[in-house]
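Here is the structure we will look at, set down as C-alpha cells.
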Amino acid sequence: MEYATLGTSDLRVTKIGLGTWQFGTEGWGFGQDFTEQEALAVMDKALELGINLIDTAEVYGDGRSEEIVGKALAGRRDRVVLATKVLPRHLRERDLVRACDESLRRLNTDRIDLYQIHAAEPYVPLAESMSGLAKLIDQGKVRYVGVSNFPVPLLRAAEDAFSGRIVSNQVRYNLLQRDIEAEILPYCRDHGITVIAYSPLAQGLLTGKYDRDHLPTDKIRQRNPLFREENMVQVFPVIDLLRQIGEAHGVTPAQVALRWVTQQEGVIAIPGAKRPAQVEENARALGWSLSPDELAHLDAASSGLKFSYF
Ligand SMILES: NC(=O)c1ccc[n+]([C@@H]2O[C@H](COP(=O)([O-])OP(=O)(O)OC[C@H]3O[C@@H](n4cnc5c(N)ncnc54)[C@H](OP(=O)(O)O)[C@@H]3O)[C@@H](O)[C@H]2O)c1
C-alpha cells in the first residue's frame, strides 16, 4: 500500500480509497445489477486489502450508502478514515448540525473523520457554514473539514472564512477530464490541500470494457456525455494506449488509469466498485510506477481531447 497525508491533518490514507456512491443508488443499478450483499462484500474486500479511506455522502442512495458503510464497519470502525459529505441544502448552521447527527447515526459512529461540503450553496453565506463546521469539530463530531467541487475563488473564500484548515477538495479527475489542472490542482498544491479524485476511471469507461456495442444500462451513465458515440470515438485511442502500457507492466487498463491519477502530485483517488474483484484490481494499481516516458505518452494522448457536453 502507498499512503498520503490528507492536507495538513494527521490522517494517513491509502492513495486508493473506496467510493461508495454505488451503494444504495438505483441510478447505479443497485437492487438490480448488484445488491447490499455485494456492497458489504466490497467493503470486506477493501478492508482486507488495507484500503483505509472510505468515501460516502448523505445523498448517496438517500442515506442507504451511509447505512451500508456503517453496517460493514461495525466492530472495526477504527481501521478506516471515514469521509462523508453534507448536501448544499444543509449548509445553514441549524441544518448542518442535524445533517451531521443523521450521518453519524446512519454510519453507526460517534465521529466523522472528514466532513466535506458536497458542493457550494450560493444562497448560504460561507461564513455561516464554516463556523458551523468549526463547532462540529469543537464538539468532537467531526475531525477534519474538506470541500468538494469547489473552484478556486470559492476555495479561497472558504479558507478565509474557516478558523481551521481545509484539508481536501474532492473533484472529478481522470485521464479524460483534466480541467482541474488549469487552476484547482495548482492552487491545492500551493495551499497544502489534497485533491481527492472522483470518477478516476471516468465511471468505468477507462477500464476498456465499454464500446458502442457494450454500453452501460444504468441511468447515471446514460446521462454521462462521455458515453455518447461522438465522445467515445475520441476515447478509444487512449484506451488502446492504456492497454499497451498495461501489457508492459502486466496490469490492466484500469490499473494504468488509476496509477496515472495517483502519480500526480498531491492527488489520491476514490474509485467506486460493485464487486470485490474490482476493488482488488483497483488496489493493485499501487506498488509499481509509470515511467516518465509512459506518463508523457499518456499526457500527449489525452491532453488535446475536447468532448461535447451538450
Ligand atoms: N463529490 C462528488 O460530487 C462526487 C461525484 C461523483 C463521484 N464521487 C465519489 O467518487 C467515487 C468514484 O466515482 P464514480 O463512481 O463516479 O466513478 P469511477 O470510480 O470512475 O467508476 C466506478 C465504476 O466503474 C466500474 N469499475 C470500477 N472498478 C472497475 C474495475 N476494476 N474493472 C471494471 N470496472 C470497474 C464499476 O461500474 P460497472 O461495473 O457497472 O462498470 C464502478 O461502479 C464515487 O463512488 C463517489 O464516492 C463524488
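The values are calculated or read from the model by the stated rules, or taken from the named source; none is laboratory data. Note that this is a predicted model, so its numbers are computed, not measured. Note that we place each Cβ from the backbone using ideal geometry, even for glycine, and neighbour counts take in every protein chain shown. The protein model used for the area step is the full one, side chains on, heavy atoms only, and it has no ligands, DNA or RNA in it. Shrake-Rupley method; radii C 1.70, N 1.55, O 1.52, S 1.80 Å.
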Taking the chain, the lysine pairs whose C-alpha atoms sit under 23 Å apart (8 or more places apart or on different chains) add up to 17
Checking rank on 229-242, 264-277, with mean other Cβ inside 10 Å and highest first, the result is 264-277, 229-242
Between the Cα axis of helix 93-107 and the main Cα principal axis of the chain, the angle (0 to 90°, nearest 10) is 60
So the angle from the long Cα axis of helix 64-73 to the longest Cα principal axis of the chain, reported in degrees to the nearest 10, equals 90
One computes Rg over Rh for the chain from alpha-carbon atoms, with the Kirkwood Rh, and obtains 0.95
Contact order relative to length for the stretch 160-310, counting C-alpha pairs under 8 Å separated by 6 or more residues, stands in percent at 28
Under 5 Å from the placed amide H of residue 177, counting only residues 5+ away or on other chains, we find none
Honestly the stretch 184-264 on the Cα gyration tensor test (a ≥ b ≥ c root eigenvalues; a/c under 1.5 rounded, otherwise a/b vs b/c for prolate or oblate) is just oblate
To the nearest Å², the heavy-atom accessible area per residue of the stretch 208-310 with 1.4 Å probe amounts to 50
Here the relative contact order (percent) of the chain, from C-alpha pairs under 8 Å and at least 6 apart, is 21
Whole-percent carbon and sulfur contribution to the accessible surface of the stretch 120-235 (1.4 Å, no ligands, DNA or RNA) stands at 51
Per the rule of 0.36 nm per residue minus the C-alpha distance, extending residue 127 to residue 26 adds in nm 32.9 nm
One would report the antiparallel percent of DSSP beta bridges in the chain, rounded to the nearest 5, as 15
Quick calc: nm separation of the 7 Å Cα→Cβ label points for residue 307 and residue 223 -> 1.5
Note to self: C-alpha centroids of the stretch 129-178 and the stretch 1-32 sit apart, in Å, by 17
Under 13 Å by backbone N from the virtual spin label 7 Å along Cα-to-Cβ at residue 233, the residues of the stretch 291-310 are 308
Under the rule rounded for a/c under 1.5, else prolate if a/b exceeds b/c, else oblate, using alpha carbon gyration tensor axes a ≥ b ≥ c, the stretch 270-310 is classed as oblate
With the 8 Å Cα cutoff and a minimum separation of six or more residues, the stretch 1-105 has a relative contact order in percent of 26
Of 214-221, 57-64, ordering from highest average Cβ density within 10 Å down gives 57-64, 214-221
To the nearest 10 degrees, the tilt of helix 253-262 (Cα long axis) against the first principal axis of the alpha carbons of the chain is 50
Karplus-derived 3J(HN,Hα) from phi for the stretch 3-14 (6.51 cos²θ - 1.76 cosθ + 1.60, θ = phi - 60°), whole Hz, x at Gly and Pro, runs 10, 9, 9, 6, x, 8, 7, 9, 8, 9, 10, 6
From the Cα centre of the stretch 57-107 to that of the stretch 185-242, the distance in Å is 26
